[in-house]
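Peer 1: I have a structure I would like to understand better, so I am pasting it below and will then ask my questions one at a time.
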Amino acid sequence: MHEITSYKIQLEQQLQTKDIMKIYQFSIQKDVNIYLYRKESMAEAKNLPKLLSFFFIGSHHEILLIIEGKNASQAYSQLTSILSQTEFQTA
């Protein structure tokens with residue numbers, strides 16, 4: 001079933017490049033589209049240059065994570081499991 005889900009994510013610290021690469025790798029391997037949004041910008045996780053600039057340019061720690069596709073809520077659980085060592089929380 002096709003779903004669209006969104007989650008407010010609160011980053012406790014800036015993500016490291018290795019964590020951003022995990023998001024990118026996850027997005028190209030799964031049958032979902034992942035978008036990240038904050039006040040002044042938006043990035044699709046499958047677009048590595050935009051994804052990198054999204055995290056490296058800007059200071060807001062609250063992000064809206066949008067996942068679209070088959071089993072989107074399951075994809076969110078998998079993604080948070082991959083990033084479990086990273087300091088972030090769902091708002």
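Peer 1: Could you please tell me which pairs satisfy a Cβ distance under 9 Å, a separation of 6+ or placement on different chains, a first residue in segment 1-18 that is within 23 Å of residue 72 (Cα to Cα) and hydroxyl-bearing (Ser, Thr, Tyr), and a second residue that is modelled with pLDDT under 85 and assigned to a loop (DSSP other than H, G, I, E, B)?
Peer 2: Every condition considered, the pairs that remain are 7/91.
Peer 1: Given the conditions (1) modelled with pLDDT of 90 or more; (2) assigned to a strand (DSSP E or B); (3) on the phi < 0 side of the Ramachandran plot, and given that residue 10 satisfies all but one, which numbered condition is not satisfied?
Peer 2: Only one criterion is unmet by residue 10, namely (1).
Peer 1: Looking at 46, 50, which is the one that is touching a helix residue (DSSP H, G or I) at 6+ places or on another chain (Cβ under 7 Å), surrounded by 13 or more Cβ atoms within 10 Å (Cβ to Cβ) and modelled with pLDDT of 90 or more?
Peer 2: 46
Peer 1: Only one of (1) farther than 18 Å from residue 3 by Cβ; (2) modelled with pLDDT of 85 or more; (3) not charged (D, E, K, R) fails for residue 79. Which number is that?
Peer 2: If we test residue 79 against (1) farther than 18 Å from residue 3 by Cβ; (2) modelled with pLDDT of 85 or more; (3) not charged (D, E, K, R), just (1) comes out false.
Peer 1: Give all pairs with beta carbons closer than 6 Å in which a residue from segment 42-54 that is free of Cβ contacts under 8 Å to residues at least 40 places away in the same chain meets a residue that is part of a loop (DSSP other than H, G, I, E, B) and hydrophobic (A, V, I, L, M, F, W, C); count only pairs at least 6 apart in sequence or on separate chains.
Peer 2: Short answer, once both residue conditions are applied: 51/45.
Peer 1: Now, a different point. Which one of the conditions (1) touching a residue at least 24 places away in the same chain (Cβ under 8 Å); (2) in a strand (DSSP E or B); (3) crowded, with 17+ Cβ neighbours inside 10 Å does residue 37 fail to meet, given that it meets all the rest?
Peer 2: Against the list (1) touching a residue at least 24 places away in the same chain (Cβ under 8 Å); (2) in a strand (DSSP E or B); (3) crowded, with 17+ Cβ neighbours inside 10 Å, residue 37 comes up short only on (3).
The values are calculated or read from the model by the stated rules, or taken from the named source; none is laboratory data. Quick caveat, the model's predicted, so the values are computed rather than measured. Cβ sites come from the backbone with ideal geometry, for glycine too, and all protein chains shown count toward neighbours.
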